[in-house]
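> My questions all concern the structure below.
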Amino acid sequence: MAAKDTIEIEILAKDKTKEGFESAQSGLGKLKGIITGLGIAGAVAGVGMALKGVAEDAVKTNAQLETATLQFETLLGSADKAQKHIKDLYDFAAETPFETQPILNASKTLLTFGGEALDTMKNLRKVGDAAAVTGQSIDQVAFWFGRAYVAISSGKPFGEAAARLQEMGIMSAEARAKLEQMQKEGKKSRFQFLIGRLKTSCSCSQSCSPNQ
């Protein structure tokens with residue numbers, strides 16, 4: 001990996017570590033009254049446990065980042081592409097209600113099923129919007145979205161994937177029927193139709209519920 005990539009990854013890891021310390025600091029402030037009541041011994045023990053938690057979170061974040069970097073380098077075949085993509089994914093995680101790991105998993109799933117053509121930030125955001133509005137996990141939506149993409153692209157039956165998307169509330173019965181008709185007619189715009197018919201009535205950067 002180039003020196004520039006290493007520096008950028010270290011900066012990203014430090015940013016995430018800083019977030020962990022800030023979170024711990026806020027938590028310690030809220031516990032101030034309780035710690036005072038426990039006395040010096042209790043206070044020392046409480047601070048020690050809090051600092052231990054921060055350290056564990058920092059180690060976990062760094063390990064997650066390192067693992068993701070290696071995985072995306074392999075999938076994308078380029079350290080530079082992996083570095084940029086991971087930064088985009090962490091930025092995406094920062095503005096959505098989803099945890100970072102499910103987002104990384106969703107991106108890897110799309111990349112595995114459809115390569116860079118499917119694993120775009122635009123498509124990931126669509127998947128995120130659908131997951132947010134239906135209350136589903138983003139990685140599970142990505143899995144069945146990817147399965148549908150593979151079936152549609154290869155001209156094979158996509159009934160299982162379509163049925164699962166319908167059960168999750170992401171695709172309507174009408175949209176599924178239309179897709180099946182388009183496949184029979186051999187129309188090439190089936191995947192674009194699928195993307196356009198995903199239930200995404202709100203942005204994944206908002207806090208959505210299945211009833212919205």
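A short reminder: the numbers here are calculations on the coordinates, not readings from a lab. Worth saying up front: this structure is predicted, and the values here are computed from it rather than measured. Using ideal geometry, Cβ is built from the backbone for each residue, glycine included, and neighbour counts are taken over all protein chains shown.
> Residue 109: net charge of surrounding residues, Cβ under 10 Å, Lys/Arg +1, Asp/Glu -1, itself excluded?
0
> Quick one: length gained pulling residue 91 to residue 160 fully straight, 0.36 nm per residue minus the C-alpha distance?
Separation in residues times 0.36 nm, less the Cα-Cα distance, equals 21.6 nm.
> Now, a different point. I'd like to compare 128-137, 99-108, 71-80: which one has the highest average count of other Cβ atoms within 10 Å, and what's the full order after that?
128-137, 99-108, 71-80
> A follow-up question, please. Work through the residues other than residue 125 whose Cβ is under 13 Å from its Cβ and net out their charges, Lys, Arg +1 and Asp, Glu -1.
Net charge around residue 125: -3.
> Next question, about the same structure. Please report, in debye to the nearest 20, how large the charge dipole of the range 69-179 is about its Cα centre when each Lys and Arg carries +1 at its beta carbon and each Asp and Glu carries -1 there.
Here the size comes out at about 340 debye.
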